[in-house]
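The values are calculated or read from the model by the stated rules, or taken from the named source; none is laboratory data. The model shown is predicted, which means the values in this text are computed figures rather than measured ones. No Cβ is skipped: glycine too gets one built from the backbone with ideal geometry, and neighbour counts run over all protein chains shown.
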Amino acid sequence: MALSKITNTGIGTVDDITLSGGVYLGGTGSANYLDDYEEGTWTPTVAGESGTINSYTAISATYTKVGDTVYVFCRFQVTDKGTGTNFVVSGLPFAGARELLGLFSETNTTGLTGFMFTAGTGATSFTSRRADGWGNNCLVNGSYSVNMTYRV
Amino acid sequence: MALTEETIEDKIEVVQPHSMVQVRTATIIKRDGIEISRTYHRHVVAPDADITGESAEVQAICAAVHTQAVKDAYAAHLAEQETP
């Protein structure tokens, strides 16, 4: 463990703490142990679940991992949906998704909303379904925002 | 004052099941040789992925762990997934 920039006397102010291991919070059991925290970016690749999307732009994609849970966010814009129907987003920052909760919204054209799911354990992508019907086409030309949480 | 930028793959992990290769790329900014910023970008290389754009180190790891048996098992896993 390293402490930096301790000011005054004692440990009144500490700017940074670096731990080579994890930390127990609120108890000493395994359920209290936090061993990983990380923030970063990832690159989403968007394709049609069926058919072909002709043109899209990935605008931003970030993740935050806390313990065994990953929070991902991404935005992309579909400019030519081609023959694509639902969309599949690949490139998740961590594999091994066991459980997933995801929501998406189309923000500037139709206001479509729906859910995301993965292909189960080991998944590195997720697929869209509309809120008003699993079989309905999710894909329009517009801007999408996705918020998703999954476990690794 | 000299600012430099360095990009390295600072963590390459093989994660089970399916021997997924997780790659973390760090972009490090240094001022006069002292690190002042580090950001991460991640991607995962699945057994069925095209690895031609990966670094030589990642390609070597994928070649070692993504055996035909692993690829076949992963393909079978994907095929058995049900659409909700």
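Test residue B:58 against the criterion of being within 10 Å of the chain's Cα centre (by Cα) and under 30 Å from residue A:129 (Cα atoms), and give yes or no.
Details: within 10 Å of the chain's Cα centre (by Cα): yes; under 30 Å from residue A:129 (Cα atoms): no.
No; evaluated as a whole, the condition is false for this residue.
Is it the case that some residue within the range B:10-26 is under 18 Å from the mean Cα position of the chain (by Cα), surrounded by 15 or more Cβ atoms within 10 Å (Cβ to Cβ) and either acidic (Asp, Glu) or farther than 18 Å from residue A:152 by Cβ (or both)?
Yes, some residue in the range B:10-26 is under 18 Å from the mean Cα position of the chain (by Cα), surrounded by 15 or more Cβ atoms within 10 Å (Cβ to Cβ) and either acidic (Asp, Glu) or farther than 18 Å from residue A:152 by Cβ (or both).
Residue A:2 fails exactly one of the following numbered conditions: (1) closer than 24 Å to residue B:20 by Cβ; (2) at pLDDT below 95. What is the number of that condition?
Only one criterion in (1) closer than 24 Å to residue B:20 by Cβ; (2) at pLDDT below 95 is unmet by residue A:2, namely (1).
Mind checking whether some residue in the range A:131-151 is facing another protein chain (nearest Cβ under 9 Å), part of a strand (DSSP E or B) and either of a type in the set (D, E, K, R) or touching a residue at least 12 places away in the same chain (Cβ under 8 Å) (or both)? Outline the logic, then answer.
At the first step, the residues of the range A:131-151 found to be facing another protein chain (nearest Cβ under 9 Å) are A:134.
In the following step, the residues that additionally are part of a strand (DSSP E or B) were identified as none.
So far as the range A:131-151 goes, no, none of its residues is facing another protein chain (nearest Cβ under 9 Å), part of a strand (DSSP E or B) and either of a type in the set (D, E, K, R) or touching a residue at least 12 places away in the same chain (Cβ under 8 Å) (or both).
Let's see how each residue does on (1) surrounded by fewer than 14 Cβ atoms within 10 Å (Cβ to Cβ); (2) in a loop (DSSP other than H, G, I, E, B); (3) among the aliphatic types (A, V, I, L, M):
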| site | (1), (2), (3) |
| --- | --- |
| A:65 | no, no, no |
| A:72 | no, no, yes |
| A:76 | no, no, no |
| A:85 | no, yes, no |
| A:92 | no, yes, yes |
| A:101 | yes, no, yes |
| A:109 | yes, yes, no |
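Being more than 23 Å from residue A:60 (Cα to Cα) and without any contact (Cβ under 8 Å) to a residue 12 or more places away in the chain is the filter here; which residues of the range B:34-48 pass it? Give the derivation first.
From the range B:34-48, those more than 23 Å from residue A:60 (Cα to Cα) are B:34-36, B:47-48; that's our starting set.
Scanning the range B:34-48 gives B:34, B:35, B:36.
Can you tell me which residue within the range A:83-101, out of those that are within 12 Å of another protein chain (Cβ to nearest Cβ) and closer than 23 Å to residue A:142 by Cα, is modelled with the lowest pLDDT?
So the first thing to find is which residues in the range A:83-101 are within 12 Å of another protein chain (Cβ to nearest Cβ), and the list is A:86, A:88, A:90-98, A:100.
Among the residues that remain, those that are also closer than 23 Å to residue A:142 by Cα are: A:86, A:88, A:90-92.
Working: A:86: 85, A:88: 88, A:90: 89, A:91: 91, A:92: 91.
Restricting to residues being within 12 Å of another protein chain (Cβ to nearest Cβ) and closer than 23 Å to residue A:142 by Cα, the top hit is A:86.
Restricting the range B:49-84 to residues that are of a type in the set (Asp, Glu) and more than 23 Å from residue A:61 (Cα to Cα), which is surrounded by the fewest Cβ atoms within 10 Å (Cβ to Cβ)? Show your work before the answer.
As a first pass, look at the range B:49-84 and keep what is of a type in the set (Asp, Glu): B:50, B:54, B:57, B:72, B:80, B:82.
This time we only want the ones that are more than 23 Å from residue A:61 (Cα to Cα), so: B:57, B:72, B:80, B:82.
Numbers: B:57: 11, B:72: 11, B:80: 9, B:82: 6.
Across the range B:49-84, the extreme among qualifying residues is B:82.
What do you reckon, is residue A:124 among the hydroxyl-bearing types (Ser, Thr, Tyr), within 24 Å of residue B:78 (Cα to Cα), surrounded by 20 or more Cβ atoms within 10 Å (Cβ to Cβ) and in contact with a strand residue (DSSP E or B) (Cβ under 9 Å, 6 or more places away or on another chain)?
Yes.
Only one of these is assigned to a strand (DSSP E or B), within 13 Å of chain B (Cβ to nearest Cβ), out of contact with any His (no Cβ under 7 Å at 6 or more places or on another chain) and surrounded by fewer than 16 Cβ atoms within 10 Å (Cβ to Cβ): A:60, A:50. Name it. Give the steps one after another, and end with the answer.
Values: A:50 fails: assigned to a strand (DSSP E or B).
Answer to the selection: A:60.
Could you list all residues from the range A:22-47 that are within 14 Å of chain B (Cβ to nearest Cβ), loosely packed, with under 13 Cβ neighbours inside 10 Å and assigned to a strand (DSSP E or B)? Show your work before the answer.
Narrowing the range A:22-47 to residues within 14 Å of chain B (Cβ to nearest Cβ): A:36-45, A:47.
Now restrict to residues that are loosely packed, with under 13 Cβ neighbours inside 10 Å: A:36-37, A:39.
Result: A:37, A:39.
For residue A:144, state whether it is crowded, with 16+ Cβ neighbours inside 10 Å, closer than 27 Å to residue B:71 by Cβ and of a type outside the set (S, T, N, Q).
Details: crowded, with 16+ Cβ neighbours inside 10 Å: yes; closer than 27 Å to residue B:71 by Cβ: no; of a type outside the set (S, T, N, Q): yes.
No, not satisfied.
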